[in-house]
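K.L.:
Would you mind keeping the following structure in view while I ask a few things?
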Amino acid sequence: MVEQDYYDLLGVARGADDATIKAAYRNLAKEHHPDRKNGCKESEARFKAINEAYDVLKDPQKRAAYDRFGRAAFQNGGNGDPFADAGFNGFSDIFSTIFGEFMDPRGARQNAARGADLRYDIELSLEEAFSGVEKTITVEANARCEVCDGRGCNGLDRCTSTCRTCGGAGKVRAQQGFFVVERGCPTCRGSGEVITDPCANCQGEGRAISQRKLSVKVPAGVDEGTRIRVAGEGEAGIRGAAGGDLYLFVHMKRHAIYAREGTTLIADCPVSFTAAALGGSISLPGLDGHQVDIKIPAGVQSGEQLRHRGSGMSVLNGRGRGDLVARILVETPTRLSKEQKKLLEEFRATETGDECPNAKSFFSRARDFLGG
Ligand SMILES: [Zn+2]
Ligand SMILES: [Zn+2]
């Protein structure tokens, strides 16, 4: 099923204010309420979708997260997920929503002058994720205008006057149905002032697109899907307003030896049949640079997992390390010399069947099955 955009679901514009969203939701919820449609499945699904959309768009924080990342903001809640608590309540509070919340004058949207949050996808090697790493990245985005230092003025003198639309309040009130709605002033975008002599470089915005290098610290233990917030390094705000944040989205490169499950490192280790039968040891390169020696017990089987505690991945925001697991794959020889073949033939001549009890029991069962 294609997931519909929440704004489309409610039939409102992206920039719609809270009252518009509320009104649209109320109409749709009434129209698709399962009680009215005698429990029709399609209507019920739609009702649920509408509620899910409203649950997000009514909450300024969830809405901002959705605007930035779409539904992804509420999925893949891995470690370090800044939106981990922004889940849905499903049906639980639908009725309080319908009958209670329309009268609740929820707060106005966040300051429109604030800079947007930015996303930066970063790819790391397993070694980098293990030890943590400092990376230099290049971000191209609105940054504080260097010509006017973010003031938006042409020259050093004061160049603003009080906004006439809102009288300097930064907000305007409007009647909408039964409600009086307060929203950011469209003329001054909430600042209460307008620029009379704007800076030529930024047209009075106080910010302009620029490229900047940024050094970011990635903590040890991050994994695919980890998001790291770098506070204040997002887009600059309008005329010195607060900047947005930068979010690093971590992606992991494939490793030549290890697969990873959380803090466990797993290596598939081919082992010769003699080592498997007689015992031996293998060495793996630990991510901390030390060699990890793992003892192979005589009689080890393919698929057996030999665990070396504390030699795995570092724990994000924690202490210690996970485990390292060697997954044994017994390798049958394919290039035997004449001499070796002869020795194995001699060995076979001594076999009683008791050397490999599993094979013996399996084929005895198979015989019973055929005979019985
Ligand atoms: Zn400027
Ligand atoms: Zn204004």
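The values are calculated or read from the model by the stated rules, or taken from the named source; none is laboratory data. Everything numeric in this text was worked out from a predicted model, so none of it was measured. Because the Cβ atoms are built from the backbone with ideal geometry, glycine has one as well, and the counts that use them run over all protein chains shown. For the accessible areas, the whole protein counts, side chains as well, though only heavy atoms, and no ligand, DNA or RNA atoms are used. Shrake-Rupley method; radii C 1.70, N 1.55, O 1.52, S 1.80 Å.
K.L.:
Looking at the stretch 17-90, what helices (runs of 4 or more DSSP H) fall wholly within it and have at least 2 residues that are within 15 Å of Y7 (Cα to Cα), modelled with pLDDT under 75 and among the charged types (D, E, K, R)?
P.N.:
Fully inside the stretch 17-90 and qualifying: nothing.
K.L.:
In addition: Within the stretch 178-196, restricting attention to residues that are open to solvent by 70 Å² or more (accessible area, probe 1.4 Å) and either within 13 Å of A19 (Cα to Cα) or out of contact with any Cys (no Cβ under 6 Å at 6 or more places or on another chain) (or both), which residue is farthest from ligand 2 (Cβ to nearest atom)?
P.N.:
The extreme case among them is F178.
K.L.:
Quick one: count up the residues across the stretch 92-146 that are away from ligand 2 (no atom under 16 Å from the Cβ), at pLDDT 50 or above and closer than 30 Å to G240 by Cβ.
P.N.:
Residues meeting the conditions: 22.
K.L.:
For L156, only one of the following conditions fails: (1) modelled with pLDDT under 90; (2) within 25 Å of G184 (Cβ to Cβ); (3) open to solvent by 60 Å² or more (accessible area, probe 1.4 Å). What is its number?
P.N.:
(2)
K.L.:
What number of residues within the stretch 230-282 satisfy the criterion of being β-branched (V, I, T) and in contact with a Ser or Thr (Cβ under 8 Å, 6 or more places away or on another chain)?
P.N.:
Final tally of qualifying residues: 3.
K.L.:
Now for a different question. Checking I238 against (1) free of Cβ contacts under 8 Å to residues at least 60 places away in the same chain; (2) open to solvent by less than 70 Å² (accessible area, probe 1.4 Å); (3) among the aliphatic types (A, V, I, L, M), only one condition comes out false. Which one?
P.N.:
Condition (1) is where I238 drops out.
K.L.:
Additional query: So which of R164, R173, R119 ends up being within 30 Å of I21 (Cα to Cα), under 35 Å from the mean Cα position of the chain (by Cα) and more than 16 Å from ligand 1 (Cβ to nearest atom)?
P.N.:
Within the list R164, R173, R119, the selection yields R119.
K.L.:
Would you check if R158 is within 16 Å of ligand 1 (Cβ to nearest atom), part of a loop (DSSP other than H, G, I, E, B) and over 21 Å from E235 (Cα atoms)?
P.N.:
So R158 fits the description; yes.
K.L.:
Filter the stretch 280-290 for residues that are assigned to a loop (DSSP other than H, G, I, E, B) and in contact (Cβ under 8 Å) with a residue 24 or more places away in the chain; which is most open to solvent (accessible area, probe 1.4 Å)?
P.N.:
D288
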